[in-house]
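Peer 1: Below are the structure tokens for one structure; questions will follow.
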Amino acid sequence: MRITPEVVERVARLSRLELTAEEQATFAAQLSSILEYFARLDRLPTEGVEPTSHALRITNVFRPDHVTPSLPVEDVVGMAPQAQEGFVVVPRVLEAEE
Amino acid sequence: MRELVGRPYHELRPRLGKDFSVAELVEAYLQTLEALEPHVRAYLTVTAEEARQQARALDQRLAAGESLPPLAGMPVALKDNLCTRGVRTTCGSKILESFVPPYDATAVRRLQEAGAVVLGKTNLDEFAMGSSTENSGFFPTRNPWDLDCVPGGSSGGSAAAVAAGEALAALGSDTGGSIRQPASLCGVVGLKPTYGRVSRYGLVAFASSLDQIGPFALDVHDCALVLQAISGHDPQDSTSVDLPVPDFVAALEGGVRGVRVGLPTEFFGEGLQPEVRQAVLDAVRVLEGLGAQVEEVRLPTLEYALPTYYLIACAEASSNLARYDGVAYGYRSPRARDLYTLYSRTRAEGFGPEVKRRIMLGTFALSAGYYEGFYKKAQQVRTLVRRDFDRCFHEVDVLATPTSPVAGFRLGERTADPLQMYLADVYTIPVNLAGLPGISVPCGFAGGLPVGLQLVGRPFDEATLLRVAYAYQQATDWHRRRCPLQMG
Amino acid sequence: MEYETVIGLEIHVQLLTQSKMFCGCSTRFGAPPNTQTCPVCLGLPGSLPVINRRAVELGLRAALVLNCTVQPTSQFHRKNYYYPDLPKNYQISQYQYLEHPPLGTDGHLDVEVDGVRRRVGIRRVHLEEDTGKLVHPEDGTVSWVDYNRSGVPLMEIVTYPDLRSPQEARAFLLKLRQVLQYAEVSTGRMEEGTLRCDANVSLRRPGEPLGIRTEVKNMNSLRSVERALSYEVARQREVLERGGAVVQETRHWDERRGVTFASRSKEEAEDYRYFPEPDLVPVEVTSEWLEEIRRTLPELPDARRDRLMAQYDLSRYDAELLIQTRATADFFEAAVAAHPSPKAIANWILGDLSAYLNEHNLEIDQLRTTPSQLAELVRLVEDGTISGRTAKEVLVEMLQTGEGPRSIVDRRGLVQIADEKALRETVDAVIRDHPEPVKDVQAGKEKAIAFLVGQVMRRTQGRANPALVQRLLRERLGLPTGS
């Protein structure tokens, strides 16, 4: 199926990937040919076949409601590219604005 | 002590503490590593000092008369998508180039509790996406048998390290063949356990319903030792099964008399290199000679396995990799101007092209309007693939196939066309879709490059796989061949 | 033009568990930032979720008390979107349209406003994890993220658009909170953030299909829910009466200005790309498990009311008031257990205590005063140690300081004077000093005796036993004392 650069742009936005125009074109072509190859799946009838949403047939795996130790805050903040007073810092998140 | 390198652990263990110390064994491997790394480039991070410390500690315990755990002193390498506390874990990606996890993967912890000594973290295709290790964000690893050739992927570093004598054993991960295929290309043993046999906690996720951790080793016996140490239920992984772990080593000696071996016709068709076909069929004849019953079986859904796999794997991956966003850990783009560009530029700069391709493919397959046609359809075909295997296992106990359609390929040979690269995994992928255990053992050479025989078993029946593979190795000596690089 | 208001609510409640939905970090409120996190709730590479069994039990309890059909199998899904308070950039939730339904469906809760009973349908109940919290410091160029809240277990409750007024919406939320508190599922308090609510509002002419709806967000208290919805209904009515059309959009409530405004922050409808969570296996609710949950349900409001009426001989009116919140009913029963005077205790709770709580905008379980302290106060009145009037003063001090009644009484010397001899002197003094009222009393104006009683009380700082004072005055003045 044909993947146009516009489709690539939409998908890139959903995936939060900034692409150059050249990349958009290249990916569009590559994804098109890959999906064309994948189209052979349509040849196989699958009405009424249960999708395998889980690799194993087990259910009800739980943990008890017990508190276990958390990471020291230094470890958490130490991993962050930018931190302040125990918080992780990001560019301003725009609230709902008039 | 160089003579220690390249000998399987089960042969060394009785001599440990008598003919040589743990420190000497570890040192021998570190020296080989140092000498060969400029050529092979299997490692991203070497933890030599920690390894030496651990070795010394083990020698002290030996000297104190303590009986040591099953893998004491075994120099191992870990694929760099396995979290190691305090040790950089990059997943072969710039986006995690400086990431240091605050915790160990369960499999890593168990390996260390068994006494293994970690030499370092090995190279991989970025986020385990690839079949040649050329997608590593840092540099490619080379096949120790031919440095112009790829070691396979995505666990190319681990496979090459074992093949080159830079580690005695290693852990890798396998989502579509990433342990078995590089094991085949590098002439070592590689095993992917049944899905759920080994905990995934601490394995950086690529495709959650397909990923498994498994061992690389010089022979089946060593492979069984490592598998024993890492297997078993983990309450931190909801998808790890609460089943008892058999004694894999005890299971080795059963022999193959009466074992029914199936050859799926579709795995021996077009695209298979003739010398590879020959080597694999010769191997099957050896099994027959040992008393196995060989018959043909059918797996007609094979031709659908590859697209099914890629749609599912990429869909899950697109979600699993969304967390790499420059916010709380990992790389953050200096060109981030606002929240949106924090995400979009961090990921654009941090990820390589194959990862981006798969993320987009996966996002597309899950997106509104396409979910039914792509993702759901693929999950339905997956059910059909499993049924195919179930049918086969009514007739036979194991399946025998080539691991890889070719013995190897040169660096750069397949990088232009993504689809070409995907086809490298055509025989391994279906096994992941069905969640079955699979092993690759060396069975010959083609054009100077190793060829691997793949055996596939019933769910949680690693024991039969190991038994058949072990019998094969008792009757052959492919697994004793060492690459010229190591010998030289 | 008569328009009918149509409101549906989407509510998130925080479940009463010790640990988070998918990991063992504490859910305790108020810890310093990022001190209650781990690889799982931070979404570190390689981490995996494991379901908190208690969260599922509480979710099932809620489904039962909301009269839902509980699904035999349910599973979790990933809701994929990017936001800094969402570490994995997906939220593990439960989606309703893929193969498996969520935990509970098609329930109801009945509310009553101004005599009108409404059955509000509950479309679904499901479980999910909470996100972290964003803080926006003054300077405006950055935002701060605290992941303590990330992974806390939430239950989402979605109603059918059955509510017909902002008042009904408020009543529904109150009833929901009550039911969830009784079931020990959640504290359900908007002010504490353990209950959050968004609303869908539309208008239509009766009998016609549903109108265009707007989503109203950012209502942080019951009062603001009512205000915001009233505003939005009026706004939509105005648009329609002008001949315009309501725009389908998300509107934020601005508490300060008292208006909703169109939110600009969402450009397009987000594609969440839901798919079943591969890291978790399905939840199977057997009939045995469900029965066990049903059997171990805490006593619900109506049952509690009936029991209070029977056990403590209370009026329906009083019992109804006492069960308004679980905490009030618990307080009442604990107090009665300490001192068996249910009527008196009920009166104190529903009277003076209630007034104090209203005045200070407090809930009964936020008081420092304990049920046994109230019980003690009642006992002190009943055994004559203090007068009723004194007790009111003592109560105020108890509520303000948390001090026990006996200690206040002793410290301030408030013990009622019941010593006849001592009182006689004061009585005599008052009679001596107020000859006119005395004459009035003796002339038959009984009411004047109240003045004399008052004088005795004044001279004893209110500590005299009023009944005794009455008797002594009457004796002295030669009046019959039987009363």
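The values are calculated or read from the model by the stated rules, or taken from the named source; none is laboratory data. The structure presented is a predicted model; accordingly, all values stated were derived computationally and were not measured. Because the Cβ atoms are built from the backbone with ideal geometry, glycine has one as well, and the counts that use them run over all protein chains shown.
Peer 1: Cβ-Cβ distance below 7 Å, separation of 6 or more or different chains: which pairs start in the stretch B:146-170 with a residue that is over 23 Å from B:A114 (Cα atoms) and end on one that is at pLDDT below 95 and among the aliphatic types (A, V, I, L, M)?
Peer 2: B:A164/B:L485
Peer 1: I'm trying to understand the selection: among the residues of the stretch A:40-79, which are exposed (fewer than 13 other Cβ atoms within 10 Å of the Cβ), out of contact with any helix residue (DSSP H, G or I) (no Cβ under 7 Å at 6 or more places or on another chain) and more than 24 Å from C:P39 (Cα to Cα)?
Peer 2: Scanning the stretch A:40-79 gives A:D42, A:R43, A:P45, A:E47, A:G48, A:R57.
Peer 1: Conditions: (1) within 11 Å of chain A (Cβ to nearest Cβ); (2) surrounded by fewer than 24 Cβ atoms within 10 Å (Cβ to Cβ); (3) farther than 18 Å from A:S33 by Cα. B:L433 meets all but one. Number of the miss?
Peer 2: Among (1) within 11 Å of chain A (Cβ to nearest Cβ); (2) surrounded by fewer than 24 Cβ atoms within 10 Å (Cβ to Cβ); (3) farther than 18 Å from A:S33 by Cα, B:L433 violates only (2).
Peer 1: If you check B:L25 against the conditions, is it at pLDDT 95 or above, surrounded by 19 or more Cβ atoms within 10 Å (Cβ to Cβ) and over 28 Å from B:D211 (Cβ atoms)?
Peer 2: So B:L25 passes the test.
Peer 1: Let me ask something else. Given (1) assigned to a helix (DSSP H, G or I); (2) buried (at least 17 other Cβ atoms within 10 Å of the Cβ); (3) in the same structural domain as C:A337 (by TED's automatic domain parsing), where does C:K392 come up short, assuming only one miss?
Peer 2: Looking at each condition in turn, C:K392 falls short on (2).
Peer 1: Give A:V67, A:V89, A:V76, A:V49 a once-over and let me know the one that is in contact with a Ser or Thr (Cβ under 8 Å, 6 or more places away or on another chain), in a helix (DSSP H, G or I) and either at pLDDT 95 or above or under 30 Å from C:I51 (Cα atoms) (or both).
Peer 2: So the residue among A:V67, A:V89, A:V76, A:V49 that is in contact with a Ser or Thr (Cβ under 8 Å, 6 or more places away or on another chain), in a helix (DSSP H, G or I) and either at pLDDT 95 or above or under 30 Å from C:I51 (Cα atoms) (or both) is A:V76.
Peer 1: For the list (1) in contact (Cβ under 8 Å) with a residue 12 or more places away in the chain; (2) surrounded by fewer than 20 Cβ atoms within 10 Å (Cβ to Cβ); (3) out of contact with any Lys or Arg (no Cβ under 9 Å at 6 or more places or on another chain); (4) part of a helix (DSSP H, G or I), I need the number of the one condition that B:Q54 fails.
Peer 2: The number of the failed condition is (2).
Peer 1: On to the next question. Considering only residues that are charged (D, E, K, R) and either surrounded by fewer than 20 Cβ atoms within 10 Å (Cβ to Cβ) or away from chain C (no Cβ under 14 Å) (or both), look in the stretch B:64-117 and name the one that is nearest to B:E27 (Cα to Cα).
Peer 2: B:E113
Peer 1: Hey, does the stretch B:15-22 have a residue that's outside any loop (DSSP other than H, G, I, E, B) and crowded, with 18+ Cβ neighbours inside 10 Å?
Peer 2: yes
Peer 1: Test of understanding: among C:Y95, C:Y82, which residue is free of Cβ contacts under 8 Å to residues at least 24 places away in the same chain, within 14 Å of chain B (Cβ to nearest Cβ) and surrounded by fewer than 23 Cβ atoms within 10 Å (Cβ to Cβ)?
Peer 2: The conditions single out C:Y82.
Peer 1: Only one of these is closer than 29 Å to C:E333 by Cβ and hydroxyl-bearing (S, T, Y): C:S287, C:S263, C:S221. Name it.
Peer 2: C:S221
Peer 1: Separate question: Is at least one residue of the stretch B:254-275 charged (D, E, K, R), closer than 30 Å to B:L321 by Cβ and at pLDDT 95 or above?
Peer 2: Checking the stretch B:254-275: not a single residue is charged (D, E, K, R), closer than 30 Å to B:L321 by Cβ and at pLDDT 95 or above.
Peer 1: Could you tell me whether any residue of the stretch A:1-17 is in contact with a strand residue (DSSP E or B) (Cβ under 9 Å, 6 or more places away or on another chain), within 8 Å of another protein chain (Cβ to nearest Cβ) and surrounded by fewer than 16 Cβ atoms within 10 Å (Cβ to Cβ)?
Peer 2: no
Peer 1: I'm checking my understanding of the structure. Among residues of the stretch B:342-369 that are at the interface with chain A (Cβ under 7 Å from one of its Cβ atoms) and polar (S, T, N, Q), which one is nearest to A:I34 (Cα to Cα)?
Peer 2: Checked the stretch B:342-369; the qualifying residue nearest to A:I34 (Cα to Cα) is B:T363.
Peer 1: I'd like the residue in the stretch C:215-232 that is in contact with a helix residue (DSSP H, G or I) (Cβ under 7 Å, 6 or more places away or on another chain) and in contact (Cβ under 8 Å) with a residue 40 or more places away in the chain and, out of all such residues, is nearest to the other protein chains (Cβ to nearest Cβ).
Peer 2: Only one residue fits best here, namely C:V216.
Peer 1: Then there is this: Evaluate the stretch B:124-137: report whether one residue or more is under 30 Å from B:L58 (Cβ atoms) and not in a helix (DSSP H, G or I).
Peer 2: Yes; the residues of the stretch B:124-137 include at least one that is under 30 Å from B:L58 (Cβ atoms) and not in a helix (DSSP H, G or I).
Peer 1: Run C:E446 past the list (1) more than 26 Å from C:H339 (Cβ to Cβ); (2) not in a loop (DSSP other than H, G, I, E, B) and report the number of the one that doesn't hold.
Peer 2: Evaluating C:E446 over (1) more than 26 Å from C:H339 (Cβ to Cβ); (2) not in a loop (DSSP other than H, G, I, E, B) leaves (2) as the failure.
Peer 1: Of the conditions (1) touching a residue at least 60 places away in the same chain (Cβ under 8 Å); (2) more than 9 Å from every other protein chain (Cβ to nearest Cβ), B:A416 satisfies every one except a single condition; which number is it?
Peer 2: B:A416 satisfies every listed condition except (1).
Peer 1: If you don't mind, there's one more thing I want to ask. If you take the residues of the stretch B:454-472 that are in contact with a helix residue (DSSP H, G or I) (Cβ under 8 Å, 6 or more places away or on another chain) and of a type in the set (F, W, Y), which of them is nearest to B:L191 (Cα to Cα)?
Peer 2: Among them, the one singled out is B:Y470.
Peer 1: Scan the stretch B:311-335 for residues that are in contact (Cβ under 8 Å) with a residue 24 or more places away in the chain and at the interface with another protein chain (Cβ under 7 Å from one of its Cβ atoms) and jot them down.
Peer 2: Hits for the stretch B:311-335 are B:L311, B:A315, B:E316, B:S318, B:S319, B:G326, B:Y329.
Peer 1: Okay, next question. Need pairs with beta-carbon distance below 9 Å; first residue in contact (Cβ under 8 Å) with a residue 60 or more places away in the chain and within the stretch B:71-89, second assigned to a loop (DSSP other than H, G, I, E, B) and basic (K, R); sequence gap 6+ or separate chains.
Peer 2: Matching pairs, first to second residue: B:D80/B:R88.
Peer 1: Right, here's the next one. Keeping to the stretch C:19-45, report how many residues are more than 7 Å from chain A (Cβ to nearest Cβ), closer than 16 Å to B:P235 by Cβ and outside any helix (DSSP H, G or I).
Peer 2: Qualifying residue count, the stretch C:19-45: 4.
Peer 1: Right, here's the next one. Take A:V67 and decide whether it is more than 30 Å from B:P307 (Cα to Cα), at the interface with chain C (Cβ under 9 Å from one of its Cβ atoms) and either within 27 Å of the chain's Cα centre (by Cα) or in contact (Cβ under 8 Å) with a residue 24 or more places away in the chain (or both).
Peer 2: no
Peer 1: Given the residues C:P84, C:P102, C:P72, which is the only one that is farther than 27 Å from C:S150 by Cα and over 26 Å from the mean Cα position of the chain (by Cα)?
Peer 2: Unique residue meeting the criteria: C:P72.
Peer 1: Taking B:A378 as the residue in question, decide whether it is more than 8 Å from chain A (Cβ to nearest Cβ), crowded, with 20+ Cβ neighbours inside 10 Å and within 16 Å of A:S53 (Cα to Cα).
Peer 2: Considered against the rule, which asks whether it is more than 8 Å from chain A (Cβ to nearest Cβ), crowded, with 20+ Cβ neighbours inside 10 Å and within 16 Å of A:S53 (Cα to Cα), B:A378 comes out as no.
Peer 1: So which of C:N148, C:N67 ends up being over 23 Å from C:Y274 (Cα atoms) and part of a loop (DSSP other than H, G, I, E, B)?
Peer 2: Exactly one residue qualifies, and that residue is C:N67.
Peer 1: While we're looking at this one, here's another question. Working carefully through the options C:L58, C:L15, C:L48, find the one that is at the interface with another protein chain (Cβ under 7 Å from one of its Cβ atoms) and not polar (S, T, N, Q).
Peer 2: When all the criteria are applied, what remains is C:L48.
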